[in-house]
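Taken together, the values in this text are just the output of simple stated rules run on the coordinates, not laboratory data. Source: prediction; values computed, not measured. Virtual Cβ from ideal backbone geometry, glycine too; neighbours counted across all protein chains shown.
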Amino acid sequence: MSAIIGLLAWVSASLTNLAGQIGPVFDPLFYDVMVYIFGVMVFAIFLLGVIAFWLRRKGLGGTAKETWVAELEKFYEREGVGLIPEEARK
């Protein structure tokens, strides 16, 4: 039993020593830098989402809608899909 406790103490001390060499004990700005890197990644994902939405909405050539979207909307209008029952075609 004593050997197991000694082994666990050694593993714990080794992990603490390793974390101290690369973590916040070694570098006081560790958390600041990690938050900065995480924030930059989140902002990059947000920015890519905005760009993707803009391209989807406006297109590369300045066209407002892609042809298949226009065809789909014509089909919906012709078939009355998405209209409330009073406005639907009989």
Somewhere in the range 37-50, is a residue part of a helix (DSSP H, G or I), over 16 Å from the mean Cα position of the chain (by Cα), within 30 Å of residue 69 (Cβ to Cβ) and not β-branched (Val, Ile, Thr)? no
If we keep only residues of the range 1-36 that are surrounded by 10 or more Cβ atoms within 10 Å (Cβ to Cβ) and small (Gly, Ala, Ser), then the residue nearest to residue 69 (Cα to Cα) is 23
Taking the condition of being among the charged types (D, E, K, R) and part of a helix (DSSP H, G or I), how many residues in the range 1-36 meet it? 1
